[in-house]
Structure formats: C-alpha cells, structure tokens
Amino acid sequence: MSRYAKQVLFKPLGEAGQKKLSTSRVAVIGLGALGSMIANHLVRAGVGYTRLVDRDFVELDNLQRQVLYDEDDVKAALPKAVAAERRLSKINSEVRLEARVVDVSHATVEGLIQDVDLVVDGLDNFETRFTLNDACVKLGKRWVYGGCVGSYGMVMTVLPGEGPCFACLVGEKPAPGSSPTCDTAGVLNTAVAVVASLEATEALKLLIGKAEPPALQTLDVWSNQWQRVKVPRSEACDACVKRNFRHLVAAPSGTAVLCGRNAVQISPVNAVTLDLAEAERRLSALGKVRRNEYLLKASIDGCELTLFPDARAIIQGTNDPARARSLYARYVGA
Ligand SMILES: [Zn+2]
C-alpha cells in the first residue's frame, strides 16, 4: 500500500501530481501555529524537500496550537525548527527536511528562499512579511501569505509578475499597535487550523501547476463568515511595480519586539559567532544558566536571556527595546 494512496485517488492530484510533489522544494517560513501545521500537511503529503525556518524556541503556551511540539520539547528548550524536524522525520522518513534556526531578516531572507519552488508563510508579524514579500518579488518566487488573529484569518497567494503582492494588499506597514495582534486578541487553535490548511492547499495546487487566479480569502470561524475577493495590483506598489525593495536594506537597530511574548529580539549588526560554552562560564556567576546544543538560557536581572550561536538574543521579561538593548550590551556585548 502506498503511503499516499488516498491522496493519489483524489483525481485533481493523481499520480502525476504526487510525482510533482515528490520533486518539489518548499520553504516554510516561521514554525509557530500556522507554520507547524503547514509543515505537517506538506511533509505528510510527500513534498520532497522542506526547509523549516524559525528563530524561536518551544514554550509551554505554544502547545495550545502549535501541533508539532510537546512538553518534552518545552523542557529541553529546543528551537522550533529542530523540534519540528525531529517530529516530522518520524512521520515521513522518505522526504528531505532541513532545519534552520535563524531570524528571517534583510540579511538572511534571500538565502533561505532562492533555491526553493515555493515559499509558505507561517510568520506572526507584518515586518517580516514585508521583508519576505520584497525578497520573493525580487527573486520571482511564488509565496502563500496567511495570517490569523482571534477567530479571523486570511490567505492569499502571491505570484510575482502575475498578480498583486503582499504590499499591494496591505499598503504601508500599519503603525505598531494599530492592528490587533496575538498580544491583544489571542487566537483560537481552530482558526489557525483552517488558515494553515487553506495555505497548505494553495501550496499543493501551486506545486502541481493547478493554481487558481490569486484572490484574498478571508474567514471567521466564530461568526461563520467566508469571503473570496479579487485584489487589484497597486499601480504605485513599491515592491512589485517600482521594485524599490526597501525592506531588504539593513534595519538600523536590529531590535524587534516579539508579538505576544513580552520579549525583545536583538540581532547583532555584523555577522559574528558567539561561543556558547564561553558565555555559559561567564554568565554562570551572575544567574542561573543552562545550555543545549542550540542555545543558552540565562536568568539575570529579572529577565531571561536566550542566546544563539549567531549572537542573536531573545530577551524575555520586557517589551522595552531600550532595556533589552542595555541588557544585551552588558551581558552579551557582541
Ligand atoms: Zn505589489
């Protein structure tokens, strides 16, 4: 019995579609609620190669909706990309997986997508989506946008050169605090499941060459409203018309407040490597420190610092970028 028998029986996909999936390469960007479910669908469906990209590690409040992780991953403080790869490799050992523990930024984004057929969005913030959109439009990569908050979600495919891009849809970046985020509105795991499933379905269609004309799908699982609307391409779009990719230019600060986390991420301005063992020795004098193969956690000054080998830090216990930067300067200094 073939692993994919039920899916091959589905006529619009069939043997030919399955064959295409098996030679396809996909990057799932962000492995939170949406991304872990998208990766789960694509890997089970037999996509030949999946790059699993996330900057964060597994925490207890992820388990309500992030279906690839369990309590052991929380205890081990595994990066989500690593935990996802471990779980998915037990589900399907016939496909290739690549875990990347990295922040998707102007500096990394093009390298993460340039050798894949399709990019699928599992992100949780607008800033990074603008960066991803710029990179995808620049390189002509198709991508599937999806977002979810509360009981509401939306999905749109971006086909560079053929239809509107994410910047056409959203316009200028919303000012911080002006749109509901998982900070203020929470999120239902059922809404996430529907949005992620729609994203994965659009991904499968694109991979086997049966894409619909791009349109925005919106839904609310609480009020049972579903819509599909055509989105025009913006004639003045910075990204897909003017090709002015300003989100691919270095951000001055390298500081990002993380959605719903009471945490700030600090990225070093220049590429540096942090010796986690050395940092462990240094910081052990100041507070409780633990370390695994991928990261180090230190409880200092009422905050928890998580340090990665690329000298990136996630500082929990504050939403204040200035305080986070000062802790970083004092204890990491990279
Ligand atoms: Zn555009």
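A few notes on this one:
- Between the Cα long axis of helix 321-331 and the first principal axis of the chain there is an angle of about 50°, rounded to the nearest 10.
- Within the chain, DSSP assigns beta bridges of which about 65% are antiparallel (rounded to the nearest 5).
- GluC sites (Glu not before Pro) within region 42-138, DSSP loop, no more than 12 other Cβ atoms inside 10 Å: E94
- Cα-based reach from K75 at 13 Å (exclusive), listing aspartates and glutamates while leaving out same-chain residues under 8 positions away: E59, D61
- The mean sequence distance of close C-alpha pairs (under 8 Å, at least 6 residues apart), as a share of the length of region 244-301, puts its relative contact order at 19 percent.
- Residues of the chain: accessible area per residue with a 1.4 Å probe, Å²: 46
- For the chain, built as a Gaussian network whose Cα springs stay under 10 Å, the top-fluctuating residue of V269, V109, V67: V269
- In region 215-314, taking the dipole from charged Cβ atoms about the Cα centre, the farthest positive-side position among Q265, T306, S223 is held by S223.
- For region 1-42, the C-alpha radius of gyration sits at 1.35 times the compact-globule guess of 2.2 N^0.38 Å, with N the residue count.
- Acute angle (nearest 10 degrees) that the helix 33-45 long axis makes with the longest principal axis of the chain, alpha-carbon atoms: 50
- Split the accessible area of region 84-179 by element, probe 1.4 Å, and carbon with sulfur accounts for 45%.
- Qualifying trypsin sites (Lys or Arg not before Pro) for region 242-292 [loop in DSSP, other Cβ within 10 Å: at most 16]: K242, R243
- Degrees, to the nearest 10: 126-139 long Cα axis against longest axis of the chain: 60
- Assigned charges on the beta-carbon of Lys, Arg, Asp, Glu; the chain dipole about Cα centre (debye): 600
- P(r), alpha carbons of region 197-334 - 5 Å bins starting at zero, rounded %: 2, 8, 13, 13, 11, 9, 10, 12, 11, 8, 3, 1
- Accessible surface of region 243-301, 1.4 Å probe, proportion on carbon and sulfur as whole %: 51
- For region 230-274, the spread of Cα positions along the three principal axes, ordered from largest to smallest, is 44, 27, 15 Å.
- Filter on K80/K230; K205/K230; K20/K141; K141/K230; K19/K230; K141/K205 - keep pairs with C-alpha separation over 25 Å: K80/K230; K19/K230
- Alpha carbon Rg of the chain, scaled by the compact-globule rule 2.2 N^0.38 Å: 1.00
- Of all accessible heavy-atom area on region 1-65, the percent that carbon and sulfur account for (1.4 Å): 60
- Selected from Y294, Y49, Y69 as most flexible by GNM, with the chain as the system and alpha-carbon contacts under 10 Å: Y294
- Ignoring aspartates and glutamates fewer than eight residues from K138 along the same chain, the ones with Cα atoms less than 15 angstrom from its Cα are E110, D115, D117, E162, D238.
- Within the chain, helix-based [θ] at 222 nm, where runs of 4 or more DSSP H residues each add -39,500 (n - 2.57), nearest 500: -9500 deg cm²/dmol
- Using equal-weight Cα scatterers in the Debye expression, the normalised intensity of region 45-204 in log10 at q = 0.10, 0.17 Å⁻¹ is -0.37, -1.18.
The values are calculated or read from the model by the stated rules, or taken from the named source; none is laboratory data. Because the structure is a prediction, the values reported are computed rather than measured. Glycine gets a Cβ as well: all are built from the backbone with ideal geometry, and neighbour counts include every protein chain shown. With ligands, DNA and RNA removed, areas are computed over all heavy atoms of the protein, side chains included. Shrake-Rupley method; radii C 1.70, N 1.55, O 1.52, S 1.80 Å.
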